[in-house]
Protein chains: 2
Amino acid sequence: MNVKNKEPRSKKEILTATLEMLESNSYSSLTIEAIAAQAGVGKTTIYRWWENKARLVLDAFLMTVESEFEFDSNKSIQDNFKQQLEALARILNSKIGKSTLTIVTESEEIAKDFYVLFLMTKRNEAKQLLQAAIDMGELKPAINLDITLDLLYGPIYFQILIYKQIPDADYINDLLIHVLEGITVAN
Amino acid sequence: MNVKNKEPRSKKEILTATLEMLESNSYSSLTIEAIAAQAGVGKTTIYRWWENKARLVLDAFLMTVESEFEFDSNKSIQDNFKQQLEALARILNSKIGKSTLTIVTESEEIAKDFYVLFLMTKRNEAKQLLQAAIDMGELKPAINLDITLDLLYGPIYFQILIYKQIPDADYINDLLIHVLEGITVAN
């Protein structure tokens, strides 16, 4: 997203208009015409930058999350993930988050972009945090970092997509403790 | 599903026709007309039992999973969940599984039925298995059973819905070990 400053001002206005329209419209009822009217641009301006509605919504999501999900190396691994998972639950439960999940689950192409433009970067940062904790002797050296992250993030997506529930702070806290400590009685 | 034997033979034929049609059609391109033609019944017969396409597909899913997901009390908890998660990954990755996930993520109403008619029963069985392992001193008594099940099932749904990947036997094995043993170095 570091090219944004070089882009015309109207690009950001179109993304903002998309977010505004999603506040009162479902993804399926959202139209490019309505976004264009809201942003005060023509439809052709929108189609110059975005192939279709799904790609426009994905970009609006990326703009929204740009400033979220920062890790803080001074905090414990538990506190870092607590903050991350709470931010994730909040954003996935917002209008733009729900619309993004809809298009990601429906389209392999959008899912790929979601992975490359959002998940991969965030997961790499999270892996560095896990690796630092391994190096400090806090976490087991043999753990699989991808599986560890699926254990932390998977249940959040699962709760929202399948249970239609927003994981709260207590849930997230319990989740972290279970992942960190395991469920088996130590021998 | 125990009322099935009392239902007309054509009900099962319609569900079977739905499964057959989904083998070569996407959910969105599937029509009630085509299913009716495949089953050799009229459209009105279908609408007598199912309000819409989504409910028909959910019922076809429930018919498919009826014989899957049995727990075996003679097996270890690890082996039981290994078998369960492998069966889950297989079914969610099938045509009927993918279609069901699509309608569950799209509709709160279908998600509720999916929970009541499928997830809740399966989770209650799984909780009994966890409780038995707690009673035998194998699992920690203080664990939260719902969170434990989200840790096991959440990553499977996450991999399929967001990563568009099918978790294989190695992944499931590693997942189980991480959940059972945790990731923290014991003090």
Within 10 Å of each Cβ in B:144-150, how many Cβ atoms from other chains are there, averaged over the peptide?
6
Applied in sequence order to region B:45-57, the curve 6.51 cos²θ - 1.76 cosθ + 1.60 (Karplus, θ = phi - 60°) yields integer Hz couplings, x standing for Gly and Pro, of 4, 5, 5, 5, 9, 10, 4, 7, 4, 4, 5, 5, 5
In the structure displayed, which of A:LYS82/A:LYS122; B:LYS12/B:LYS43; A:LYS127/B:LYS140; A:LYS164/B:LYS53; A:LYS53/B:LYS53 lie more than 19 Å apart, Cα to Cα?
A:LYS127/B:LYS140; A:LYS164/B:LYS53; A:LYS53/B:LYS53
Estimated translational D of chain A in µm²/s (Stokes, Kirkwood radius over Cα pairs; 25 °C; 0.890 mPa s):
135 µm²/s
When the Karplus curve 6.51 cos²θ - 1.76 cosθ + 1.60 is applied with θ = phi - 60°, which whole-Hz ³J(HN,Hα) does each residue of region B:118-124 get, with x for Gly and Pro?
10, 4, 4, 4, 5, 5, 5
Running a GNM on chain A with Cα contacts under 10 Å, which residue among A:ASP168, A:ASP79, A:ASP135 ends up with the highest mean-square fluctuation?
A:ASP135
Quarter of Cα convex hull surface for region B:104-187, i.e. mean projection, nm²:
7.1 nm²
Between A:GLN128 and B:ASP170, take the C-beta separation as r, use R0 = 22 Å, and let me know the FRET efficiency to the nearest 0.05.
0.35
What number does region A:4-62 give for Rg over Rh if you use C-alpha atoms and the Kirkwood radius?
0.92
Within region A:68-133, list the chymotrypsin sites (Phe, Trp or Tyr not before Pro) lying in a DSSP loop whose Cβ has at most 14 other Cβ atoms in a 10 Å radius.
none
Helix-only estimate, please: 222 nm mean residue ellipticity of chain A, summing -39500 (n - 2.57) across DSSP H runs of length 4 or more and dividing by its residues, to the nearest 500.
-21000 deg cm²/dmol
What residue of chain B has the nearest C-beta to the axis that moves B onto A, and what is that distance in Å, given as a whole number?
B:GLY182, 1
Amide H to amide H, which residues 5 or more places from B:LEU139 or on other chains are under 5 Å from it, using H placed in the peptide plane?
A:VAL185, B:ILE134
Where does the charge balance sit around A:PRO167 when Lys and Arg score +1, Asp and Glu -1, over other residues with C-beta under 12 Å from its C-beta?
-3
For chain B, longest principal axis from Cα atoms; helix B:95-106 axis from its Cα atoms; angle between them, nearest 10 degrees, is 80 degrees
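Each value in this text was obtained by applying a stated rule to the coordinates, not by laboratory testing. Just so we're clear, the structure is a prediction, and the values are computed from it rather than from any experiment. So basically every Cβ, Gly included, is an ideal-geometry build from the backbone, and we count neighbours across all protein chains shown.
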